[in-house]
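The values are calculated or read from the model by the stated rules, or taken from the named source; none is laboratory data. The model shown is predicted, which means the values in this text are computed figures rather than measured ones. Reconstructed Cβ throughout: ideal geometry from the backbone, glycine too, with neighbour counts over all protein chains shown.
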Amino acid sequence: MVTKRDLKLAKTIKKYRKIAGFTQQELADKVGVSQKYIQYLESAKSTHSLKPIYKIAKALKIPSEDLFK
């Protein structure tokens, strides 16, 4: 079940990825996950663990807390 928090996280990851000028593939390469995983996160179709989320924040050069605001 997709929660409001999942939808917010998905929207925030996509927003910061675009601000950073990364494609989904480029972000996936930096994080060490597949492009499909990034796509699923951005569409809130995937459950997520915190480890990739922290890596995403690091790759986007933002505090991880900003992804949850």
Of all residues making up the range 3-45, the number that are on the phi > 0 side of the Ramachandran plot and in contact with a Leu (Cβ under 9 Å, 6 or more places away or on another chain): 1
Spans of helices (runs of 4 or more DSSP H) in the chain with at least 2 residues at pLDDT 90 or above, surrounded by 13 or more Cβ atoms within 10 Å (Cβ to Cβ) and among the β-branched types (Val, Ile, Thr): 4-20
Test: residue in the range 14-26 that is in contact (Cβ under 8 Å) with a residue 40 or more places away in the chain and hydroxyl-bearing (Ser, Thr, Tyr): yes
